[in-house]
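**Q** Right, I'll just put the structure down here and ask away after.
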Amino acid sequence: MSGTGAPELAVDPADLRKCAQLRVGVAAARWHTEIMDALLDSARKALADLGIDEPTVLRVPGCFELPVAAHALAKHRYDAIVALGVVVRGGTPHFEYVCRAATDGLVKVAVESGIPVGFGVLTCDTEQQARERAGLPGSSEDKGREAALSAVATALALRGLGEK
């Protein structure tokens with residue numbers, strides 16, 4: 001099972017004031033509309049629960065374009081970036097190319113900019129597997145929420161370095 005061993009993602013209530021000060025950008029693909037809308041809604045709700053009511057959202061055609069959108073957000077000095085997308089395996093090597101490009105590109109943005117990127121890109125064999133992870137009613141996981149919380153928790157941890 002995909003979620004086995006995952007940490008409980010939460011922000012300390014004492015840090016909620018710090019969350020409200022964060023500028024968060026969301027880069028979200030458009031492929032697989034129902035799943036993407038659920039991921040984006042979940043990410044927005046998670047951010048709103050932390051007091052981040054107006055994240056900047058950049059919609060791009062697909063997962064291949066996520067790194068350039070994340071890079072643009074990083075150049076504008078957002079404190080955290082959430083990347084959301086869906087790639088479903090087909091009968092060609094396209095799946096591997098797109099997944100590798102999106103993953104490598106997003107890692108590069110995070111490492112080179114020092115800005116955390118929450119990875120909410122679903123890489124699934126079937127559309128049903130993606131639906132199970134999308135936070136839809138009846139889904140077993142909510143990767144949009146997880147990606148948003150991961151990005152914010154990491155941003156707070158990095159800010160905490162200066163406080164010690």
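**Q** Calculate the spin-label point distance for Ser139 paired with Arg77, positioning each point 7 Å from the Cα along the beta-carbon direction, and give it in nanometres.
**A** Roughly 3.4 nm, to one decimal.
**Q** Could I ask something else about it? Could you please rank Leu106, Leu84, placing first whichever residue has the fewest other Cβ atoms within 10 Å of its Cβ?
**A** Leu106, Leu84
**Q** Let me ask something else. Shape call for the range 100-164 from the C-alpha gyration tensor, a ≥ b ≥ c root eigenvalues: rounded (a/c under 1.5), prolate (a/b greater than b/c) or oblate?
**A** Judged from the Cα gyration tensor, the range 100-164 comes out oblate (a/c at least 1.5, b/c at or above a/b).
**Q** Still on this structure: So how tilted is helix 66-75 from the main axis of the chain? Cα-based, degrees 0 to 90, rounded to 10.
**A** 20 degrees
**Q** Expressed as a rounded percentage, what relative contact order does the range 63-132 have, with Cα pairs under 8 Å and six or more residues apart?
**A** Relative contact order here is 43 percent.
**Q** Let me ask another. Under a cut-off of 14 Å between alpha-carbon atoms, report the aspartates and glutamates in cross-link reach of Lys45, not counting same-chain residues fewer than 8 places apart.
**A** Partners within reach: Asp37, Asp53, Glu54, Asp142, Glu146.
**Q** Take Ile81, Ile52, Ile115 and order them by how many other Cβ atoms sit within 10 Å, fewest up front.
**A** Final ranking by Cβ density, sparse to dense: Ile52, Ile115, Ile81.
**Q** Only bridges with both residues in the chain count here: give the DSSP antiparallel percent, nearest 5.
**A** Just about 5 percent of them are antiparallel.
**Q** Roughly speaking, what is the centre-to-centre gap between the range 35-83 and the range 85-164 when only Cα atoms are used, to the nearest Å?
**A** Value for the Cα centre distance between the two parts: 11 Å.
Every number in this text was worked out from the coordinates using simple rules, so none of it is lab data. All values reported here derive from a predicted model rather than from experimental measurement. Here the Cβ is made from the backbone with ideal geometry for all residues, glycine too, and neighbour counts use every protein chain on show.
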